[in-house]
Every structure is written in structure tokens, then in C-alpha cells.
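Here the structure is laid out as C-alpha cells; the discussion comes afterwards.
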Amino acid sequence: MAADHTRAPVLEALVDYRRQGRLSFTPPGHKQARGADPEVRAVLGDAVFLGDVLASGGLDDRLTRGRVLKRAEELMADAVHAEHTFFSTCGSSLSVKAAMLSVAGPHEKLLIGRDAHKSVVSGLILSGIEPVWVEPRWDAERRLTHPPSAEEFERAFEIHPDAKGALVTSPTPYGACADLRAIADVCHRRSVPLVVDEAWGAHLPFHPDLPSWAMDAGADICVTSVHKMGSGLEQGSVFHLQGGLVTPELLNMRADLLGTTSPSVLLYAGLDGWRRQMALHGEQLIGAALGLAREVRSAIEEIDGMHVEGREDLCGPGLADDFDPLPVVIDVQGLGITGFQAADWLREHQFMDMHLSDHRRIGAQLTHADDRGTTGELLAALKDLAHAAPDLGPAPRVEVPGPAELRMAQGIPPRDAFFGPAENVALSEAAGRIAAEMITPYPPGIPAVLPGERLTEPVLRYLSTGLAAGMNLPDPTDPELRTIRVVAQGTAHRVKPVT
């Protein structure tokens, strides 16, 4: 029987809940807004509280006999050609951990692209999985990484044939995509699963002109943040499954280990409604966004001092395999400023927030929600930025290492370094020591330093000059980076080194 994508089980159950006038003597304690602070109600509106009900014993009965969530997940799976889908209300930061734990366990190896998000590293720390880092492809001219190639995964498997699977991030926040089909083939020849962190690719299944999404490319598990490129609320995430290398029962059990027992029905409703929107109108909506992106890219290219990075910049031999044009990434070094300066100026003077900023770029993430009104404001603001740039002062220099200097050796496993004896040392004394913390330029959230890596002078200089130039480093114990947390002297040799 064909799936009926005009239905939205979670939203319909919420309508029934209100129509029936149910009286709740359960959490949440605001009791359908009645107990909420009046000033909070004035800001958020009562609709938020009216939709905030228990998932079981509220939206559904105490034994979930109405199958409200299950029916919504089945419709989502059908819409994106997956065999199974699971909703998550803790963001893809949780979903990717559940996926990792379904593939490997403590002291087992997992091949992971070194351009992984910090949530993946957190998963390694919590699980005790041993990472085998697979090198991304490095654009030395633009100082930018792209997902690792299938050949790099092949070489890593040859050295580590006992690895339980692989994890790759695609697309990146910059829009660069991997050849997922080729990487999946590398894994499946060894009968191990491929996990794809596709947090930035919720829209990919819904238009033929976009890069292939993970399930269509043969991946086993795919993690997607619907709040990023879809219409879900913040933290709304899904993970999809297909094939027989990981069972749905196992994946569900691993997710249950990490997830909350009090999921937000508001987030479920956002996921459910977005699926219906995309299933019915996705190709039209995404097609319009793609057309708008072409216009915006062309217009920005006409602004002196700005360059929009496109397929010709990001794809080719040694670079990315494919490209998503909706992340509009703008190189502003021609203006003599950093991306940090550009983003700060746009927020302060134009009341406009950019998605990402680095030492030379800003990123404007376009979605199906944009139109010529929003993009017209973006273009006007960028033109004003170009006029203002000469008065912003010289760009602070960020000393970005080349690929050989950027990568540091993993001396001991991340878990052992993070939880083991540690001490704080001055930045000037940290080179040669083993890091006991993550240090992550954010966004995009790819750690420059991992627990267990042996610190080097070029990476430390990159972080210190970046911080001075405006880089956001949200996770080091010393936010001013005067000191760094390292494995205590004399204890690293007691830990089994990474092979």
C-alpha cells in the first residue's frame, strides 16, 4: 500500500489532544501554558506550551498503542527511500553517537574522516571506540578540507582490516560532498557498514539536481539534522537505516542508551510536518531555492573584493567529488578583512547573522525559506560591507598551517587522554605534550585539537593567532588559551598507544 504523505500523525494527534480537552496530571508542569510565567507566554506565545505534551501518556496512550510516532517515522522513511527511520530530539550530535555505537564498541576500531564534527569525537570519548583517522583532501590554496576519498578509506582498511566500519561527513558546511557510493562499495566489499554524518543534507533527497544523498548512494546509516536545511525546530534530527549489516533493533537500543525519556513533541511535530511538506512540495520548493542561489551567487561575484566559492573551486582531482550550491560561501580576503570581521560587522550594522565565518570566508546558508526579499537584503548588506571594509582596519593575520603541519599524531586514545590524569600548562610550553581536551574553531565545529593528539607548534600558533583575530573557541578549559589541558607528565606511557 502506498504511503499517504498528506497525513502527519504527530500533528494530527496534537489536534485531537486539544479537541478532546484532555486534562493532564502529568508533566510538563506548566499544564498547557496555565502555569507558565506571563512574561514567558508573552514572548513565546501559548502555542509553544499547547504543543508541549508527553509523548506517551499524553500524545499517545501509556503503551503507545496509537503508534503515533511509529507511523510518523515510517512515513519519513518512505519519503527518503530508507528502510527504517528514527526521530531524535537531541540533535544529530546524539544521533551520530548512536550510529557509531551500533557499529563499534569499546576498544574496537572505526575508520573516521579527520574532518568529523566534535560530536563524533565526543562519541569516541564516551564509547572507548578507537579511531583510525582517514585524511581529508586538502585544498592548499584555499586552506580548506574536503571529505576523504574512497581510495583513502581503501588504504586505511588495508592497514586496519579489523576495523568495524567507517564514518564520513558529507556534505561539509561548505557544501563539499564525497563520493558516497564509492566509499560504500569499499565498506561493503568487507561486509562492514558505512555511517554518513549528513547533518547538512536534509534537503538532498528532494531534488534531482542536488548531490546524491546517503541512502540512495548505498550507505547503511545516515544522520540528518532537519533543523539545519529543513523546516524542523532546533535539535530536530533523524537517523535512517537500510541493509542488513546493522539491525534496527540494535540501532534503536543504542539510541535508547543516549536519548531522553522525555522527548519534545514539539520537535516531533516539526519533523513530521517537514516530511509532509517535502514529500508533497519538496521538488518545487528546493528547485526555487536552487534558482535563487544561482542568482545570488552571480550577483555577489559582481561585488568588488568578494568571490563566491563554487563547483569550479571545490571540485576536481584531489578535491571534493560533488557540490551543494545552497551554502553560499563568500571569500572576503579581497576586501582586506577576515571572515570574523565581516560577520561581526554584518551583525552589528546590518542586523544580519551569517552561518559560518573563518579566517577568509563567511557563509550564507540559503534554504527553501528564502525569497528575493531576504536575498535582496543580503546583497544590499554585502555591498555595504564592501564599502565599509577599508575602515575596518588591517585584517589580523591567522597563521593557518599547511596539511603536513595541521595534522598531529594520535598518541593515545581520546577516551584515555580525556579521563586520565591531566594538568594545565602554559601555551608556550604545550608543544610536544599530549592534549587532554578538544579545541574547536566553531563554526564549523571540526576540532583542531583532539584529546590524545601530540601538540605541535604550528597548530598552537594557528589557534592563538585565530583567537586573537576573532576565532570562536567554545570548548577549551581556558577560553583565553593562555593554558592548555594536557596529559599529566609521566602518565602517557602507561596507556596503550594508538596503532
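Worth a mention:
- Of all lysines in the structure, those lying under 20 Å Cα to Cα from Lys97, and not within fewer than 8 positions of it along the same chain, are Lys109, Lys118, Lys164, Lys228.
- Per-residue SASA entry for Leu280, accessible area with 1.4 Å probe, Å² rounded to 10: 90 Å²
- Filtered chymotrypsin sites (Phe, Trp or Tyr not before Pro), the stretch 330-386: DSSP coil and at most 11 other beta carbons within 10 Å: Phe351
- Label point at His30 placed 7 Å out along Cα→Cβ; residues across the stretch 271-287 whose backbone nitrogen lies under 19 Å: 271
- From the coordinates shown, Cα extents along the principal axes in Å corresponds to which of [x] 71, 58, 38; [y] 66, 57, 47; [z] 119, 51, 42: [y]
- Residues whose placed amide H lies under 5 Å from that of Thr338, excluding near-sequence neighbours: none
- Dipole-positive endmost among Leu356, Ala386, Ala404 within the stretch 341-411 (Cβ charges, Cα centre): Ala404
- Rounded FRET efficiency, nearest 0.05, which uses the C-beta distance separating Lys383 from Arg294 and R0 of 25 Å: 0.85
- 5 angstrom amide H check on His84, placed H, neighbours 5+ away: Leu241
- Ranked by how many other beta carbons lie within 10 Å on average, peptides 199-209, 305-315 from highest: 199-209, 305-315
- The stretch 34-51 - phi-based ³J(HN,Hα) in whole Hz, Karplus 6.51/-1.76/1.60, Gly and Pro as x: 4, x, 6, 4, x, 5, 5, 4, 5, 7, 8, x, 6, 4, 4, 6, 5, x
- Note on Leu44 and Ala369: the extension gain reaches 114.9 nm, defined as 0.36 nm multiplied by sequence separation minus the Cα-Cα distance.
- Point-charge dipole on Cβ atoms (K/R +1, D/E -1) for the chain, about Cα centre, debye to 20: 1440 debye
- Three-way shape label, the stretch 213-267, alpha-carbon gyration tensor, a/c 1.5: oblate
- Peptides 117-129, 285-297 ordered by average Cβ neighbours within 10 Å, highest first: 117-129, 285-297
- Approximating the spin labels as points 7 Å out from Cα along Cα→Cβ, the His5-to-Glu108 distance works out to 3.5 nm.
The values are calculated or read from the model by the stated rules, or taken from the named source; none is laboratory data. Note that the coordinates shown come from a computational prediction; the quantities given were computed from them, not determined experimentally. Heads up, the Cβs are rebuilt from the backbone with ideal geometry, glycines too, and the neighbour counts pull from every protein chain shown. Calculation scope for accessible area: heavy atoms of the full protein, side chains included, ligands and nucleic acids excluded. Shrake-Rupley method; radii C 1.70, N 1.55, O 1.52, S 1.80 Å.
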